[in-house]
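The values are calculated or read from the model by the stated rules, or taken from the named source; none is laboratory data. What you are looking at is a predicted structure, and each value in this text was computed from that prediction instead of being measured. All Cβ positions, even for glycine, are placed from backbone atoms using ideal geometry, and neighbour counts span all protein chains on display.
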Amino acid sequence: MNYDVVAIVVNHNSGELLKNAVDSLLDSEAQPAIEVVDNASADRSIETIRCGKKYREKVNITRNEQNMGFAGANNQILKSRNAQYYLLMNPDCVLDKNAIGEFVLHLDNDPDIGLAGGLLKNPDGSVQKTSKRRFPTPWSGLARTFGLHRLNLGSGMLSDFDLANEAGSSGDVEVLEAVSGAMMFVRGSALARVGLLDEEYFMHCEDLDWCKRFWNAGYKVAYIPGATAVHLKGGSGRGPKVVWHLHRGMIRFYRKHYRRRYSLPFTGLVYAAVYVRCAVLMALSLLNKRRP
(Lines give C-alpha, C1' and ligand atoms only; values in the text may rest on other atoms or scores of the structure.)
Protein backbone atom coordinates (compact mmCIF):
# COMPACT_ATOMS: atom_id res chain seq x y z
CA MET A 1 0.00 0.00 0.00
CA ASN A 2 1.29 3.41 -0.93
CA TYR A 3 -0.21 6.56 0.54
CA ASP A 4 0.86 10.17 0.35
CA VAL A 5 2.29 10.16 3.87
CA VAL A 6 5.39 11.85 5.23
CA ALA A 7 6.67 10.41 8.51
CA ILE A 8 8.75 12.77 10.66
CA VAL A 9 11.04 11.63 13.46
CA VAL A 10 12.84 14.26 15.53
CA ASN A 11 16.00 12.92 17.14
CA HIS A 12 18.16 14.17 19.99
CA ASN A 13 20.63 11.73 21.51
CA SER A 14 18.27 8.77 21.16
CA GLY A 15 20.92 6.12 20.65
CA GLU A 16 19.79 2.82 19.15
CA LEU A 17 16.15 3.81 19.69
CA LEU A 18 16.28 5.94 16.55
CA LYS A 19 17.29 2.99 14.39
CA ASN A 20 14.46 0.89 15.83
CA ALA A 21 11.93 3.65 15.07
CA VAL A 22 13.16 4.11 11.50
CA ASP A 23 13.23 0.35 10.91
CA SER A 24 9.57 0.15 11.95
CA LEU A 25 8.73 2.87 9.42
CA LEU A 26 10.66 1.05 6.71
CA ASP A 27 8.68 -2.10 7.54
CA SER A 28 5.35 -0.26 7.39
CA GLU A 29 2.90 -1.51 4.80
CA ALA A 30 2.19 2.13 3.87
CA GLN A 31 5.80 2.86 2.82
CA PRO A 32 5.80 6.50 3.90
CA ALA A 33 8.42 9.03 2.94
CA ILE A 34 10.72 9.20 5.98
CA GLU A 35 12.23 12.43 7.28
CA VAL A 36 14.60 12.38 10.26
CA VAL A 37 15.51 15.72 11.81
CA ASP A 38 18.49 15.59 14.14
CA ASN A 39 18.63 18.30 16.79
CA ALA A 40 22.39 18.60 17.25
CA SER A 41 22.85 15.17 18.84
CA ALA A 42 26.11 14.57 20.66
CA ASP A 43 25.85 10.77 20.51
CA ARG A 44 26.12 8.53 17.47
CA SER A 45 22.40 7.95 17.07
CA ILE A 46 22.22 9.56 13.65
CA GLU A 47 25.17 7.47 12.47
CA THR A 48 23.14 4.29 13.03
CA ILE A 49 20.90 5.24 10.11
CA ARG A 50 23.54 6.79 7.88
CA CYS A 51 25.13 3.40 7.34
CA GLY A 52 23.46 0.86 5.11
CA LYS A 53 21.95 1.10 1.67
CA LYS A 54 18.31 0.87 2.80
CA TYR A 55 18.69 4.02 4.91
CA ARG A 56 20.56 6.03 2.28
CA GLU A 57 17.90 5.29 -0.32
CA LYS A 58 14.76 5.75 1.77
CA VAL A 59 15.53 8.11 4.66
CA ASN A 60 16.15 11.81 4.30
CA ILE A 61 18.20 13.30 7.14
CA THR A 62 18.22 16.96 8.18
CA ARG A 63 20.94 17.89 10.67
CA ASN A 64 20.52 21.01 12.78
CA GLU A 65 23.54 22.73 14.30
CA GLN A 66 21.51 23.59 17.38
CA ASN A 67 18.58 22.01 19.19
CA MET A 68 15.46 23.48 17.62
CA GLY A 69 13.09 21.69 20.00
CA PHE A 70 10.31 19.28 19.08
CA ALA A 71 8.04 21.89 17.49
CA GLY A 72 10.76 23.71 15.58
CA ALA A 73 12.25 20.54 14.10
CA ASN A 74 8.89 19.12 13.02
CA ASN A 75 7.91 22.46 11.50
CA GLN A 76 10.99 22.36 9.28
CA ILE A 77 9.47 19.40 7.46
CA LEU A 78 5.83 20.48 7.71
CA LYS A 79 6.80 23.69 5.91
CA SER A 80 8.97 22.07 3.25
CA ARG A 81 6.96 18.93 2.34
CA ASN A 82 3.49 19.02 0.81
CA ALA A 83 1.70 15.80 1.74
CA GLN A 84 -1.82 14.51 2.17
CA TYR A 85 -0.95 13.22 5.64
CA TYR A 86 1.88 13.58 8.13
CA LEU A 87 2.91 11.19 10.87
CA LEU A 88 4.85 12.78 13.74
CA MET A 89 6.51 10.04 15.76
CA ASN A 90 8.99 10.05 18.64
CA PRO A 91 12.27 8.17 18.16
CA ASP A 92 11.41 5.98 21.16
CA CYS A 93 8.42 4.49 19.31
CA VAL A 94 8.24 1.28 17.28
CA LEU A 95 5.30 1.47 14.89
CA ASP A 96 3.09 -1.49 14.03
CA LYS A 97 3.31 -2.25 10.32
CA ASN A 98 -0.39 -1.53 9.64
CA ALA A 99 -0.72 1.54 11.89
CA ILE A 100 -0.47 4.12 9.10
CA GLY A 101 -3.05 2.22 7.07
CA GLU A 102 -5.44 2.37 10.04
CA PHE A 103 -4.93 6.11 10.34
CA VAL A 104 -5.50 6.69 6.62
CA LEU A 105 -8.60 4.49 6.55
CA HIS A 106 -10.38 6.46 9.24
CA LEU A 107 -9.27 9.93 8.16
CA ASP A 108 -10.27 9.15 4.57
CA ASN A 109 -13.71 8.09 5.83
CA ASP A 110 -14.19 11.16 8.04
CA PRO A 111 -12.90 14.44 6.59
CA ASP A 112 -13.76 16.24 9.83
CA ILE A 113 -10.90 14.46 11.65
CA GLY A 114 -7.89 16.75 11.44
CA LEU A 115 -5.58 15.02 13.91
CA ALA A 116 -5.48 11.52 15.36
CA GLY A 117 -3.51 9.44 17.80
CA GLY A 118 -3.27 5.73 18.33
CA LEU A 119 -2.81 3.11 21.01
CA LEU A 120 0.56 3.42 22.75
CA LYS A 121 1.87 0.40 24.60
CA ASN A 122 4.69 -0.16 27.05
CA PRO A 123 7.33 -2.75 26.13
CA ASP A 124 5.52 -5.27 28.35
CA GLY A 125 2.31 -4.81 26.34
CA SER A 126 0.42 -2.74 28.91
CA VAL A 127 -1.41 0.38 27.76
CA GLN A 128 -0.06 3.87 28.34
CA LYS A 129 -2.59 6.24 29.88
CA THR A 130 -1.50 9.13 27.68
CA SER A 131 -2.95 7.43 24.59
CA LYS A 132 -6.23 9.22 25.38
CA ARG A 133 -6.33 12.59 27.07
CA ARG A 134 -8.46 15.47 28.23
CA PHE A 135 -7.17 19.00 28.10
CA PRO A 136 -5.53 19.83 31.41
CA THR A 137 -7.39 22.55 33.28
CA PRO A 138 -6.07 24.63 36.18
CA TRP A 139 -8.04 22.39 38.55
CA SER A 140 -6.83 19.10 37.09
CA GLY A 141 -3.31 20.53 36.99
CA LEU A 142 -3.49 21.38 40.68
CA ALA A 143 -4.88 17.91 41.35
CA ARG A 144 -1.91 16.35 39.51
CA THR A 145 0.52 18.59 41.42
CA PHE A 146 -0.80 17.52 44.82
CA GLY A 147 -1.54 13.91 43.88
CA LEU A 148 -5.33 14.26 44.16
CA HIS A 149 -5.83 12.65 40.75
CA ARG A 150 -4.90 9.31 42.37
CA LEU A 151 -8.19 9.38 44.31
CA ASN A 152 -9.99 8.23 41.12
CA LEU A 153 -12.84 10.70 41.38
CA GLY A 154 -14.21 9.87 37.94
CA SER A 155 -14.77 12.71 35.49
CA GLY A 156 -14.80 15.54 38.03
CA MET A 157 -12.60 18.60 37.85
CA LEU A 158 -9.96 16.96 40.07
CA SER A 159 -9.69 13.85 37.89
CA ASP A 160 -6.64 12.94 35.84
CA PHE A 161 -6.36 14.18 32.26
CA ASP A 162 -4.71 10.96 31.02
CA LEU A 163 -7.57 8.59 30.24
CA ALA A 164 -6.48 5.33 28.64
CA ASN A 165 -6.52 2.09 30.60
CA GLU A 166 -6.60 -1.62 29.86
CA ALA A 167 -10.40 -1.74 29.68
CA GLY A 168 -10.90 1.40 27.62
CA SER A 169 -8.09 1.21 25.10
CA SER A 170 -9.56 -1.13 22.49
CA GLY A 171 -12.54 -1.13 20.22
CA ASP A 172 -14.05 1.70 18.22
CA VAL A 173 -12.60 5.00 17.17
CA GLU A 174 -13.28 7.72 19.74
CA VAL A 175 -13.53 11.47 19.31
CA LEU A 176 -11.87 13.09 22.32
CA GLU A 177 -10.06 16.24 23.35
CA ALA A 178 -6.41 15.29 22.93
CA VAL A 179 -3.91 12.54 22.18
CA SER A 180 -0.23 11.98 22.92
CA GLY A 181 2.42 13.79 20.93
CA ALA A 182 4.48 10.59 20.80
CA MET A 183 2.45 9.60 17.71
CA MET A 184 0.23 12.10 15.91
CA PHE A 185 -1.31 11.67 12.46
CA VAL A 186 -2.26 14.95 10.81
CA ARG A 187 -4.31 15.89 7.76
CA GLY A 188 -2.14 18.04 5.53
CA SER A 189 -4.99 20.22 4.23
CA ALA A 190 -5.87 21.21 7.82
CA LEU A 191 -2.51 22.87 8.45
CA ALA A 192 -3.43 25.99 6.46
CA ARG A 193 -6.31 26.63 8.86
CA VAL A 194 -4.75 25.42 12.10
CA GLY A 195 -1.13 26.45 11.62
CA LEU A 196 2.12 24.75 12.53
CA LEU A 197 3.23 23.65 15.97
CA ASP A 198 3.86 26.52 18.37
CA GLU A 199 7.65 26.84 18.61
CA GLU A 200 7.41 28.73 21.91
CA TYR A 201 6.99 25.26 23.42
CA PHE A 202 10.50 23.84 23.27
CA MET A 203 9.32 20.35 24.21
CA HIS A 204 6.16 19.08 25.97
CA CYS A 205 2.64 20.54 25.87
CA GLU A 206 2.88 21.57 22.22
CA ASP A 207 0.86 18.46 21.40
CA LEU A 208 -1.98 19.53 23.74
CA ASP A 209 -1.83 23.03 22.33
CA TRP A 210 -2.07 21.67 18.77
CA CYS A 211 -5.04 19.47 19.64
CA LYS A 212 -6.84 22.46 21.14
CA ARG A 213 -6.13 24.55 18.08
CA PHE A 214 -7.46 21.80 15.79
CA TRP A 215 -10.69 21.82 17.78
CA ASN A 216 -10.82 25.63 17.68
CA ALA A 217 -10.44 25.49 13.89
CA GLY A 218 -13.44 23.16 13.55
CA TYR A 219 -11.68 19.81 13.22
CA LYS A 220 -12.12 16.71 15.36
CA VAL A 221 -9.34 14.95 17.23
CA ALA A 222 -9.68 11.16 17.20
CA TYR A 223 -8.22 8.17 19.01
CA ILE A 224 -7.77 5.20 16.64
CA PRO A 225 -6.92 2.09 18.69
CA GLY A 226 -6.15 0.00 15.61
CA ALA A 227 -3.06 2.16 15.04
CA THR A 228 -0.58 0.88 17.60
CA ALA A 229 3.01 1.52 18.59
CA VAL A 230 5.30 0.46 21.41
CA HIS A 231 6.50 3.58 23.20
CA LEU A 232 9.49 3.54 25.53
CA LYS A 233 8.13 6.49 27.47
CA GLY A 234 10.82 8.98 28.41
CA GLY A 235 13.37 7.33 26.16
CA SER A 236 13.66 10.44 24.01
CA GLY A 237 14.48 12.75 26.88
CA ARG A 238 15.23 12.72 30.61
CA GLY A 239 16.79 14.90 33.27
CA PRO A 240 16.35 18.35 34.83
CA LYS A 241 16.19 20.20 31.50
CA VAL A 242 13.30 18.04 30.36
CA VAL A 243 11.49 18.68 33.66
CA TRP A 244 12.01 22.42 33.24
CA HIS A 245 10.70 22.49 29.67
CA LEU A 246 7.67 20.41 30.68
CA HIS A 247 6.64 22.89 33.37
CA ARG A 248 7.47 25.87 31.19
CA GLY A 249 5.13 24.38 28.63
CA MET A 250 2.41 23.99 31.25
CA ILE A 251 2.65 27.70 32.07
CA ARG A 252 2.45 28.65 28.38
CA PHE A 253 -0.57 26.40 27.84
CA TYR A 254 -2.35 28.03 30.77
CA ARG A 255 -1.50 31.54 29.57
CA LYS A 256 -2.72 30.85 26.03
CA HIS A 257 -5.95 29.03 26.83
CA TYR A 258 -7.07 29.82 30.38
CA ARG A 259 -5.52 33.06 31.65
CA ARG A 260 -8.48 35.29 30.71
CA ARG A 261 -10.97 33.00 32.44
CA TYR A 262 -9.49 33.24 35.91
CA SER A 263 -8.66 35.93 38.45
CA LEU A 264 -5.15 37.18 39.06
CA PRO A 265 -4.91 35.56 42.55
CA PHE A 266 -5.98 32.18 41.15
CA THR A 267 -3.47 32.52 38.34
CA GLY A 268 -0.77 33.22 40.92
CA LEU A 269 -1.73 30.03 42.76
CA VAL A 270 -1.51 28.02 39.55
CA TYR A 271 1.91 29.44 38.68
CA ALA A 272 3.21 28.84 42.20
CA ALA A 273 2.01 25.22 42.18
CA VAL A 274 3.63 24.58 38.79
CA TYR A 275 6.97 26.05 39.82
CA VAL A 276 6.99 24.23 43.16
CA ARG A 277 6.31 20.94 41.40
CA CYS A 278 9.03 21.76 38.87
CA ALA A 279 11.58 22.50 41.62
CA VAL A 280 10.81 19.28 43.47
CA LEU A 281 11.04 17.11 40.35
CA MET A 282 14.24 18.81 39.20
CA ALA A 283 15.81 18.19 42.61
CA LEU A 284 14.80 14.53 42.50
CA SER A 285 16.16 14.23 38.98
CA LEU A 286 19.50 15.66 40.04
CA LEU A 287 19.68 13.31 43.02
CA ASN A 288 18.95 10.29 40.83
CA LYS A 289 21.55 11.45 38.32
CA ARG A 290 24.25 11.62 41.01
CA ARG A 291 23.56 8.17 42.40
CA PRO A 292 26.19 5.59 41.41
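Worth a mention:
- Test: residue in the range 26-46 that is in contact (Cβ under 8 Å) with a residue 40 or more places away in the chain, on the phi > 0 side of the Ramachandran plot and not aliphatic (A, V, I, L, M): no
- Any hit, the range 72-79, residues being under 13 Å from I224 (Cβ atoms) and surrounded by fewer than 24 Cβ atoms within 10 Å (Cβ to Cβ): no
- Test: I34 is buried (at least 19 other Cβ atoms within 10 Å of the Cβ), in contact with a Lys or Arg (Cβ under 8 Å, 6 or more places away or on another chain) and at pLDDT 95 or above: yes
- Every pair of residues 6+ apart whose Cβ atoms lie under 8 Å, when the first sits in the range 254-276 and is under 24 Å from V242 (Cα atoms) while the second is of a type in the set (A, V, I, L, M): Y254/V270; Y254/V274; L269/L142; V270/L142; Y271/I251; A273/L142; V274/M250; V274/I251
- Matching residues, the range 103-137, being surrounded by 20 or more Cβ atoms within 10 Å (Cβ to Cβ) and assigned to a loop (DSSP other than H, G, I, E, B): Q128, K132, P136
- Members of the range 47-67 that are part of a loop (DSSP other than H, G, I, E, B) and free of Cβ contacts under 8 Å to residues at least 40 places away in the same chain: R50, C51, G52, E65, Q66
- Tabulated pairs, the range 78-90, first in a helix (DSSP H, G or I), second surrounded by 14 or more Cβ atoms within 10 Å (Cβ to Cβ), C-beta under 6 angstrom, 6+ apart or interchain: L78/L196
Here is a yes/no grid of residues against (1) at pLDDT 90 or above; (2) farther than 19 Å from V127 by Cα; (3) surrounded by fewer than 17 Cβ atoms within 10 Å (Cβ to Cβ):
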residue	(1), (2), (3)
D162	no, no, no
N165	no, no, yes
G168	no, no, yes
E174	yes, no, yes
A178	yes, no, no
M184	yes, no, no
S189	yes, yes, yes
G195	yes, yes, yes
M203	no, yes, no
